[in-house]
Amino acid sequence: MKRIYYFLFAFLLIASACTEDEKLTYKTIDVYVELVYPTESSIESKNDISILASSSSGVKYESKTDEESKAKFNLPSGVYEITATHKNVHSGRLITFTGSKSNVVINETSSDLISLNLVESKLSQIVIKEIYNGGCQKDDGSGSFHYDKYIILYNNSDENAQLKDMCIAMTIPYNSTVTNADVQNGTLFYENEGWIPAGLGYFYFSNDKELKPGEQAVVVLNNANDNTLTYSNSVDLSRSEYYVTYSPEVYTNTSYHPSPSSNIPVSNYLPGFKYGTGNAWAFSNTSPALFIFYPENSSPEAFNADANNISLYNGSATQVRKKVPVDWIVDGVEVFKKGASNNSKRFTSSVDAGAVDLTAGYGYTLYRNVDKDATEALQENSGKIVYNYNLGTENLDGSTDPSGIDAEASIKNGARIIYSDTNNSSNDFHQRAKASLK
């Protein structure tokens with residue numbers, strides 16, 4: 001018992017001495033933290049970035065950078081963790097710079113300048129949320145109707161996204177089941193050259209449309225009308241907020257590109273370019289390879305006018321393509337024909353490392369899976385997420401969303417969905433039983 005009393009007495013003496021010592025030596029030190037960006041980054045404004053210094057006791061201090069990327073702190077002596085996060089939007093990508101430095105000792109003898117190295121990561125702001133291209137069954141059972149195609153673009157980030165100058169393109173070959181002449185010695189020949197072929201032509205946003213986080217833009221590819229009046233299984237694509245790929249002076253085939261509904265304003269017509277033969281932008285109804293891109297340091301018009309980026313598919317003058325640099329591409333989805341044994345990749349792994357299967361002709365659609373963890377982590381979604389998703393086609397030899405979240409029902413309930421974006425359509429998409437616009 002005496003040993004215990006002696007131990008407690010000694011501990012109190014030491015604790016008291018430490019407390020008195022801390023009172024005597026407590027001082028504040030002027031320190032500068034400098035953010036060091038990757039050498040290849042092209043960030044224009046580096047001031048007003050928040051930096052946190054967290055002490056070992058849990059006290060946090062904040063300061064913001066000046067035009068030289070330096071932030072001034074006046075800190076008590078101690079051990080700190082220095083952290084910073086800087087988000088920037090560029091060409092449809094959300095670029096995040098993060099840095100962390102632990103066990104930083106601050107005292108009278110330490111350096112007054114701390115360098116914090118930042119690591120860059122890029123995520124697509126805009127993702128392709130849905131592709132409806134396979135068509136539906138006609139009411140009389142005579143086959144399928146597939147002139148009712150659309151896609152949905154979605155702002156998957158937490159920053160506003162600008163659509164102006166975004167281009168919508170597809171590859172040649174149009175279908176995944178043809179013998180692909182681009183494959184040489186088992187590899188797409190343009191992989192090492194760093195580009196993807198945009199076949200026939202492309203469309204682009206010419207106005208200043210901006211999407212807020214969680215907002216979407218429906219782009220009608222064929223027949224921006226109420227198709228349900230003719231085929232009950234089809235989709236009404238006549239709503240005034242929809243966009244439509246419509247350039248009748250370039251693409252004259254009225255089966256693919258009939259006059260849009262009068263509900264859709266002319267300002268929502270996406271202009272297009274054509275640099276191959278043919279009178280329609282013939283988006284595959286079985287297995288397209290779709291991508292969106294921004295012409296960096298250029299424009300849709302200038303990119304089209306540049307004769308140096310031409311590629312002829314298999315040497316054919318009738319199948320003209322443009323070489324789109326991989327760095328320009330914001331998102332791409334490779335679609336394979338379900339059950340085919342001869343599907344062939346057209347995207348390199350840097351654009352889409354996988355593919356999603358489609359069974360065409362039955363009203364099915366390709367829908368992006370929900371990022372369950374990211375969606376549930378949003379505090380604003382509390383009590384708004386709807387589970388028990390039942391619109392997958394796994395019982396029809398298809399697929400479903402493994403998250404179990406019903407995205408469309410959750411959105412109607414006020415939730416903001418974060419969709420999966422792993423750069424692999426095999427993981428990011430599933431075949432849905434019906435179009436989300438029905």
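The values are calculated or read from the model by the stated rules, or taken from the named source; none is laboratory data. Being a predicted model, the structure only gives us computed values, none of them experimental. All Cβ positions, even for glycine, are placed from backbone atoms using ideal geometry, and neighbour counts span all protein chains on display. The accessibility values were calculated without ligands, DNA or RNA, using every heavy atom of the protein model including side chains. Shrake-Rupley method; radii C 1.70, N 1.55, O 1.52, S 1.80 Å.
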Just name the residue that is nearest to residue 288 (Cα to Cα) out of those in the range 122-163 that are within 16 Å of the chain's Cα centre (by Cα) and of a type in the set (Lys, Arg). 129
Check 85, 96 and return the single one that is surrounded by fewer than 15 Cβ atoms within 10 Å (Cβ to Cβ) and out of contact with any Pro (no Cβ under 7 Å at 6 or more places or on another chain). 85
Check 233, 253 and return the single one that is outside any helix (DSSP H, G or I), closer than 22 Å to residue 367 by Cβ and more than 28 Å from the chain's Cα centre (by Cα). 233
Got a number for residues in the range 158-182 being open to solvent by 10 Å² or more (accessible area, probe 1.4 Å) and within 30 Å of residue 212 (Cβ to Cβ)? 6
Which residue out of 284, 238, 259, 247 is out of contact with any strand residue (DSSP E or B) (no Cβ under 6 Å at 6 or more places or on another chain), within 18 Å of residue 225 (Cα to Cα) and either in contact (Cβ under 8 Å) with a residue 12 or more places away in the chain or not β-branched (Val, Ile, Thr) (or both)? 259
If a residue must be in contact (Cβ under 8 Å) with a residue 40 or more places away in the chain and not in a strand (DSSP E or B), how many such residues does the range 287-300 contain? 7
May I ask you to list the residues in the range 310-319 that are modelled with pLDDT of 95 or more and either aliphatic (A, V, I, L, M) or under 28 Å from the mean Cα position of the chain (by Cα) (or both)? 310, 311, 312
Against the condition in a loop (DSSP other than H, G, I, E, B) and under 29 Å from residue 160 (Cα atoms), how does residue 247 come out, does it pass? yes
Pick out, from the range 347-438, the strands (runs of 3 or more DSSP E) lying fully within it that include 2 or more residues that are of a type in the set (Gly, Ala, Ser). none
Filter result (of a type in the set (Ser, Thr, Tyr) and under 22 Å from residue 86 (Cα atoms)) within the range 96-146: 96, 98, 100, 102, 115, 121, 124
Determine whether residue 334 is under 30 Å from residue 164 (Cβ atoms), open to solvent by 10 Å² or more (accessible area, probe 1.4 Å) and not in a loop (DSSP other than H, G, I, E, B). no
Look at the range 320-331 and say how many of its residues are under 20 Å from the mean Cα position of the chain (by Cα), under 19 Å from residue 187 (Cβ atoms) and assigned to a strand (DSSP E or B). 3
For the range 414-435, enumerate the residues that are open to solvent by 10 Å² or more (accessible area, probe 1.4 Å), among the small types (Gly, Ala, Ser) and closer than 18 Å to residue 394 by Cβ. 420, 426, 433
Could you check the range 64-180 for strands (runs of 3 or more DSSP E) lying wholly inside it with 3 or more residues that are more than 30 Å from residue 27 (Cβ to Cβ)? 78-90, 93-106, 119-124, 126-132, 150-155, 167-170
Residue among 267, 299, 259 that alone is touching a Pro at 6+ places or on another chain (Cβ under 9 Å) and either under 17 Å from residue 149 (Cβ atoms) or surrounded by fewer than 22 Cβ atoms within 10 Å (Cβ to Cβ) (or both): 259
Hits in the range 383-435 - residues which are over 23 Å from residue 352 (Cα atoms) and among the hydroxyl-bearing types (Ser, Thr, Tyr): 387, 389, 410
Give the residues of the range 379-390 that are open to solvent by 40 Å² or more (accessible area, probe 1.4 Å) and either within 17 Å of residue 408 (Cβ to Cβ) or of a type in the set (A, V, I, L, M) (or both), sorted by residue number. 384, 386, 387, 388, 390
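Each row is one residue, and each column tells you yes or no for (1) under 23 Å from residue 302 (Cα atoms); (2) open to solvent by 10 Å² or more (accessible area, probe 1.4 Å); (3) aliphatic (A, V, I, L, M); (4) in contact (Cβ under 8 Å) with a residue 60 or more places away in the chain.
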{"position": "184", "(1), (2), (3), (4)": "no, yes, no, no"}
{"position": "192", "(1), (2), (3), (4)": "no, yes, no, no"}
{"position": "195", "(1), (2), (3), (4)": "yes, yes, no, yes"}
{"position": "201", "(1), (2), (3), (4)": "yes, no, no, yes"}
{"position": "221", "(1), (2), (3), (4)": "no, no, yes, yes"}
